[in-house]
1. State to the nearest 20 debye the size of the charge dipole of the chain about its Cα centre, where the only charges are +1 on K and R beta carbons and -1 on D and E beta carbons.
2. What's the local net charge at ILE41, with K and R +1, D and E -1, over the other residues with C-beta under 12 Å away?
3. Could you tell me the relative contact order of the stretch 5-147? Use alpha-carbon pairs under 8 Å, at least six residues apart, and round to a whole percent.
4. Of PRO137, VAL44, TRP75, whose Cα points farthest to the positive end of the dipole of the stretch 1-140 (charges on the beta-carbon: +1 Lys, Arg; -1 Asp, Glu; origin at the Cα centre)?
5. Excluding residues on the same chain fewer than 8 positions from LYS143, give the aspartates and glutamates whose Cα lies under 18 Å from its Cα.
6. Using a Cα-Cα cut-off of under 16 Å, which aspartates and glutamates could be cross-linked to LYS45, ignoring same-chain neighbours fewer than 8 residues away?
7. If you keep only loop residues by DSSP, which GluC sites (Glu not before Pro) in the stretch 46-146 have at most 16 other Cβ atoms within 10 Å of their Cβ?
8. Using the heavy atoms of the protein chains and a 1.4 angstrom probe, tell me the accessible area per residue for the chain in square angstrom.
Amino acid sequence: MSRPYINAELRRLVSDRADHICEYCLVSEVDRLSGCQVDHIISVKHGGATAADNLCYACIFCNLQKGTDLGSINWQTGELVRFFNPRRDFWGDHFRLDEAVIQHQTDIGEVTARILDFNSGDRIIERQALIASGQYPSASALKQINK
Ligand SMILES: [Zn+2]
């Protein structure tokens, strides 16, 4: 499937709206060599539109792990659970920061944190280094963590 074209104006809207942080793990684009990318929340494969209300800003780690997935299975209940949606959900309702670890607070948070691999060893080490240097959570990230 070809990648849909996202024009510069739409990219700017998405990155500005996100305050230039990954809307999933809240790491700033300036703290990632690879920056952030525009992600289709509902992937094109599943009929998601290339429109502002279906786009979010995601770091390459979150975006690659998410791929075209929409959610996963809660293995305790067997239920299909959708991913966290940055356009309709508030980050702090589904996750909380425990030092460098992103803990889930809901089933939506659990499947998102697990499938997007928020707490892999490398990513925790990265966040520990950012915390130590005072870069994480950034002021932009704190707006997503606290109402
Ligand atoms: Zn991320």
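1. 300 debye
2. So the surrounding residues net to -1.
3. 21 percent
4. VAL44
5. ASP16, ASP19, GLU23, GLU29, ASP31, ASP89, ASP93, ASP98, GLU99
6. ASP69
7. Taking the stretch 46-146 and a limit of 16 other Cβ atoms within 10 Å, the loop GluC sites (Glu not before Pro) found are GLU99.
8. For the chain, the solvent-accessible area averages 54 Å² per residue.
The values are calculated or read from the model by the stated rules, or taken from the named source; none is laboratory data. All figures in this text were calculated on a predicted structure; none of them were measured in a lab. When we count neighbours, we look across all protein chains shown, and the Cβ atoms used for this are built from the backbone with ideal geometry, even at glycine. Surface accessibility is based on the protein's heavy atoms, side chains included, excluding ligands, DNA and RNA. Shrake-Rupley method; radii C 1.70, N 1.55, O 1.52, S 1.80 Å.
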